[in-house]
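What follows is calculated from the coordinates using simple rules that are stated; it is not laboratory data. Computed from a predicted structure; not experimentally measured. Note: ideal-geometry Cβ built from the backbone for every residue, glycine included; neighbour counts use all protein chains shown.
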Amino acid sequence: MSSSRSVEELEELPNDGADMELDNTDRAILQALLKDSRASQRELSRIVGVAQGTITNRLKRLENNGVISGYSVVLDPESVGWTMTIMAGLCIAKGKMIDVQRKIAADSRVFSVYDVTGDWDSMVLARVRDRADLDDLTKTVFTLEGVTRSFTHVVLNTVKEDGFAKPAPDKSMNE
């Protein structure tokens, strides 16, 4: 993409990866980045088995189409002070869902908020420092106006936690 394009032209470019078809090279690049997001383009070229220019072009295309939305550091929650993980289900009054979810999502302890089917309207995942912090979260955030019922579970042991999306398998492989 040329840097001489106007902002309006850039905004009109597709940036929704949902319509983008991933091929095996794209998938291999994404898998390599999931293992080590700090890998250089030269290293990715070696791992995937394609020219470095191909890696550069593919990464630019994946980024421009929103498939790659950023690069980040993965922290160990306990090492940075979060000793407990909790899951909460919330029933939310009709017409209050968006407002309540926005307020809950703004709390720094909350790392995920979902609309769900079933007995609850929303599921919330959060990390707290200790029992006192959990008590505060429960009494301040999960009792906001519009929350009609809640339940909270404390995670005792994390068997698997991997919030990073992976490329869906190639459709032709399932046929």
Mean-position separation - Cα centroids, segment 35-98 and segment 144-164, in angstrom: 22
Given contacts defined as C-alpha pairs under 8 Å and at least six residues apart, what's the relative contact order of the chain, whole-number percent? 23
With angles folded into 0 to 90 degrees, how steeply does helix 131-140 sit against the dominant principal axis of the chain? Use alpha carbons for both and round to 10. 80
What angle do you read, to the nearest 10 degrees and between 0 and 90, between the alpha-carbon axis of helix 52-64 and the longest principal axis of the chain? 40
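Run the helix sum for the chain: -39,500 (n - 2.57) per DSSP H stretch of 4+ residues, divided by residue count, reported at 222 nm to the nearest 500 deg cm²/dmol.
That comes out to -9500 deg cm²/dmol.
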Towards the positive end of the charge dipole of segment 77-154, with charges on Cβ (+1 Lys, Arg; -1 Asp, Glu), say which of Val147, Ala126, Ser79 has the farthest Cα. Val147
Listed candidates (1) 8, 26, 24, 25, 15, 2; (2) 9, 33, 26, 7, 7, 8, 7, 3, 0; (3) 9, 31, 28, 21, 10, 0 - label of the one calculated as P(r) over Cα pairs in 10 Å bins from 0, in percent: (1)
Compare the peptides 108-118, 67-77 by average per-residue count of other Cβ atoms within 10 angstrom and give them in order, highest first. 108-118, 67-77
Could you put Phe164, Phe142 in order, starting from the residue whose Cβ has the fewest other Cβ atoms within 10 Å? Phe164, Phe142
